[in-house]
Amino acid sequence: MGISWIALAFVIAMTGATIGLGIYATRKAKTASDFFVAGRSVSVFWNASAISGEYLSAASFMGIAGLLMKNGYDALWYPVCYATGYLFLLLFIAGPLRRFGAYTIPDFAEGRFDSPMFRRIAVTFVLFIGFFYTMPQMKGAGVTLGSIMNWPYWAGIVVVGVVITFNVAFGGMKGITFVQAFQYWAKVFAISLPVFVLMSVFGGYGSNLGEVASKPVGEPQITAETDVAVKGKEGYPANVMTFRDTKPVTLTLKNGAKIAKIDAARAITPADDSASWKFLRVTTTQPGLAYKRGSNDSATESQPGTYELKQADHDIEIPAGSTVEVRPQPVTSGSPQKVGAKLEFAEKTVVTFAAGSIVPNAPGNKRWIEPFGPFTSKFGYPLLYTYSLIIALICGTAGLPHILVRFYTNPDGRAAKRTTLWVMVMLGSFYVFPPIWGVLGRVAMPWLYANDTPDAVVIKLPMILENKLLGEILSGITSAGAFAAFMSTFSGLLVSMSGALAHDIYGKILRSTASAESRMLAFKASAVAIGLASIGLGLLVESFDIAKMVGWAFAIAAASYFPLLLLGSWWRGLTKFGAASGMLIGGLTSLAAIVTSMLLDKKIVSFSTTPLVRSLMEQPAIWGVPLSIAIMFVVSLLSRSHVPEDIHMKMLRLHAPEEMGLSKNYIDEGKGQGGH
Amino acid sequence: MADRTVYDLTEKEHSLLAHRVMRRQAGLSLRVAAVFAVLLLGLPLVNFYMPDLANFSVGGFTATWLFLGVLFYPITVGLSFYFVKKSDQIEAECTDWRSVLDDEAASQEGSV
């Protein structure tokens, strides 16, 4: 497979249009200064488009489709909560935050508690949340360019990361409302139009789901012979193929393969019959089949022929041109009565699946389409996992630093509420589509399961259309949409993270006497440093699902900024000590739990935990958010004397309608008119 | 007293005003949040305890898929629309801080 030139052209056009519009809008902003930040001329409609444009990241554009294809119903919580999380923002935060005149969350932290010190503590979470959010954007870049340019994963990340970082560092991409609004409409178009064409070929949303639902014991099958590129052990867990227990599958290894070990697909107790399981029947056409059995028993077959390999055989070398039959084995006790094999590839190779093969790694139809499938029930606490996920996404939406900045461009609190309403309309219209991609992917392109690449489904699915030209064009459109997604979000995050680093950490903590030029230099240096760090982090996360990583960023935001904003806006008694300790303890313990969970997944660390603890580590919001709120309450009550003296005035400024004459803009512009 | 601005109020009056404005907005927000929470947090319970209802087939979709993946968006927009309308009404009624303070003073006297 070579380069998809048409897709490349679309991507370049999209990148060019974004940068070009940015330059145009920046020039225009110089002549009409209210275009850029003052924003009083920005209508609710454009502002809502811009918020939606900045919000729809690689997780929304690619990740949801991939996660849904992989896990079915359970993944629906992601798009639904990404969109409806704005309701909480609307009900409790949007109006007050705008009226308070706070431009960022650290601004709010400082103004609400009269504490520059607390501002510096608050700003650290811009970086924590930001880095978690940039990792999946980087993965999106790697996967997209891997698909259209046929590049290795790291190359896409390095190219996109460097280009966007320099663009931000040299001021080519600022958070310009007009550009972000354009990106929203580009993304909606790119996710919806191709899927309508695909539905006309592969069948509609409901009919494909109905097909899956009507065969509860079925599973996805490959319809025509297909080559699948498999990763080596550096790609763990994407180098693992877990076969179903229903039917044998025959693989052809034209280049041969090195398999680290053969295991059972599920743990079986008692494992009394495991010694007799012969999972693989290998037919070689040349000598050289080698394997190890037990701790020191190694064998090399000098004759071509048919050999059986058993459970726990390891370090297997299969010569080129062999065929391997992977066979389910009987289980004498318990149900189901068979168990499939799990193969772990040690080095990358190509595996050819025959037509009619049942694809590995795909959950069966019933587990896929019904709630509490493999995603939420993997640790055995499906309801707990689901609720924790919902809390993370709903509360996290209300605490995302790069989104809240945008509410400042509303002229007043009332417009902020209207804007949020429109954001929900726009996001809802977008989020209906990614799950359709996931459903069509399962039915029409199931081999993406085999090497764990469902995250590429929106890019790759159009390419299998009979009409190759049409397929290339549609794939070009989705590639351009994906580019818009990680470009806009990564740029937005880079701007807010660099701003935090340069303004708050360098400008206020390290060198409070720094001049404007040296601050500008600090901003550029920060952008480069953060961009490089993001590239480095992006290289490490190839095996994690895009949408899941963004979910973790939300979980950290939910346990840190959300309680700060909620209680800060509505509870007079909140003190800086309460807010700071709740935010730090809730946010940092959630962060620690998630990072530990990722390291466990990658097998970088290993220790035994109970499934309940493991579940709570992977989805920490269900304890992180209440913990943070509880600490804020208790510590605030203990430090009651530190409630700001003008707290009632602050509360009025947060909640009183602008006409009452209290909010900051009115103070700046027309103090004298306050008395009607 | 006629040219007294909202900045000249006593701390007690600020407190009364803040109370009054926040109480009605908070009540509205909590009511809408409660409806949303029942829908969103109730669905996993329906899925868990009433799987037959959740997986009932509606035009190919399972009922729970149709509700969550398609219908939930317009429902939330409807809730938001209701909230924005009501919230604007409350604000319109609270804009005149003199009458709000008078009301509040009257109700305080009444309750003592």
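The values are calculated or read from the model by the stated rules, or taken from the named source; none is laboratory data. It should be emphasised that the depicted structure is a prediction, and the values quoted were computed from it without experimental measurement. Note: ideal-geometry Cβ built from the backbone for every residue, glycine included; neighbour counts use all protein chains shown.
Among the numbered criteria (1) within 14 Å of another protein chain (Cβ to nearest Cβ); (2) part of a helix (DSSP H, G or I), which one does residue A:164 miss?
For residue A:164, the failing item is (1).
Looking at segment A:438-450, I want the residues that are closer than 18 Å to residue A:251 by Cβ and have a partner that is among the hydrophobic types (A, V, I, L, M, F, W, C) and assigned to a loop (DSSP other than H, G, I, E, B) with Cβ atoms under 8 Å, at least 6 apart or on another chain. Which pairs are those?
The qualifying pairs are A:446/A:222; A:446/A:359; A:446/A:362; A:447/A:222; A:447/A:359; A:449/A:359; A:449/A:362; A:450/A:359.
On the basis of being in contact with a His (Cβ under 6 Å, 6 or more places away or on another chain) and under 27 Å from residue A:238 (Cα atoms), does residue A:310 make the cut?
In short, no.
Of the conditions (1) surrounded by fewer than 20 Cβ atoms within 10 Å (Cβ to Cβ); (2) closer than 30 Å to residue A:54 by Cβ, residue A:188 satisfies every one except a single condition; which number is it?
All conditions pass for residue A:188, except number (1).
Within segment A:193-218, track down each residue that is within 14 Å of chain B (Cβ to nearest Cβ), in contact (Cβ under 8 Å) with a residue 12 or more places away in the chain and not aliphatic (A, V, I, L, M).
Of everything in segment A:193-218, those that are within 14 Å of chain B (Cβ to nearest Cβ), in contact (Cβ under 8 Å) with a residue 12 or more places away in the chain and not aliphatic (A, V, I, L, M) turn out to be A:202, A:203, A:205, A:208, A:211, A:215, A:216.
Please go through (1) over 24 Å from the mean Cα position of the chain (by Cα); (2) in contact (Cβ under 8 Å) with a residue 12 or more places away in the chain; (3) within 30 Å of residue A:377 (Cα to Cα) for residue A:590 and return the number of the only condition it doesn't satisfy.
(1)
Need the failing condition index for residue A:456 against (1) more than 10 Å from every other protein chain (Cβ to nearest Cβ); (2) over 24 Å from residue A:240 (Cβ atoms); (3) within 19 Å of the chain's Cα centre (by Cα), just the number.
Failed condition: (2).
Working only within segment B:1-58, note down all residues that are outside any helix (DSSP H, G or I), modelled with pLDDT of 80 or more and at the interface with chain A (Cβ under 9 Å from one of its Cβ atoms). Reasoning before the result, please.
Residues of segment B:1-58 that are outside any helix (DSSP H, G or I), as a first pass: B:1-5, B:9-10, B:50, B:55-58.
Remaining after also requiring modelled with pLDDT of 80 or more: B:50, B:55-58.
Residues satisfying the conditions are B:55, B:57, B:58.
Can you go through A:320, A:355, A:290 and tell me which one is in a loop (DSSP other than H, G, I, E, B), assigned by TED's automatic domain parsing to the domain that holds residue A:240 and within 25 Å of residue A:235 (Cβ to Cβ)?
A:320
Which condition from (1) surrounded by 21 or more Cβ atoms within 10 Å (Cβ to Cβ); (2) within 25 Å of residue A:83 (Cβ to Cβ) is the one that residue A:387 breaks?
(1)
So, residue A:73, is that one within 14 Å of chain B (Cβ to nearest Cβ) and touching a Lys or Arg at 6+ places or on another chain (Cβ under 9 Å) or not? Spell out how you get there, then give the answer.
On the way: within 14 Å of chain B (Cβ to nearest Cβ): yes; touching a Lys or Arg at 6+ places or on another chain (Cβ under 9 Å): no.
For residue A:73, the condition - within 14 Å of chain B (Cβ to nearest Cβ) and touching a Lys or Arg at 6+ places or on another chain (Cβ under 9 Å) - is not met.
Looking only at residues in segment A:246-287 that are in a loop (DSSP other than H, G, I, E, B) and among the small types (Gly, Ala, Ser), which one is surrounded by the most Cβ atoms within 10 Å (Cβ to Cβ)?
A:265
With respect to residue A:186, is the statement that it is in contact (Cβ under 8 Å) with a residue 24 or more places away in the chain, under 24 Å from the mean Cα position of the chain (by Cα), farther than 16 Å from residue A:457 by Cα and assigned to a helix (DSSP H, G or I) true?
Considered against the rule, which asks whether it is in contact (Cβ under 8 Å) with a residue 24 or more places away in the chain, under 24 Å from the mean Cα position of the chain (by Cα), farther than 16 Å from residue A:457 by Cα and assigned to a helix (DSSP H, G or I), residue A:186 comes out as yes.
Given the conditions (1) at pLDDT 90 or above; (2) within 30 Å of residue A:52 (Cβ to Cβ); (3) surrounded by 15 or more Cβ atoms within 10 Å (Cβ to Cβ), which single one is not true for residue A:243?
(2)
Please go through segment A:605-633 and give me each residue that is within 27 Å of residue A:113 (Cα to Cα) and of a type in the set (Ser, Thr, Tyr), ordered by number.
A:628
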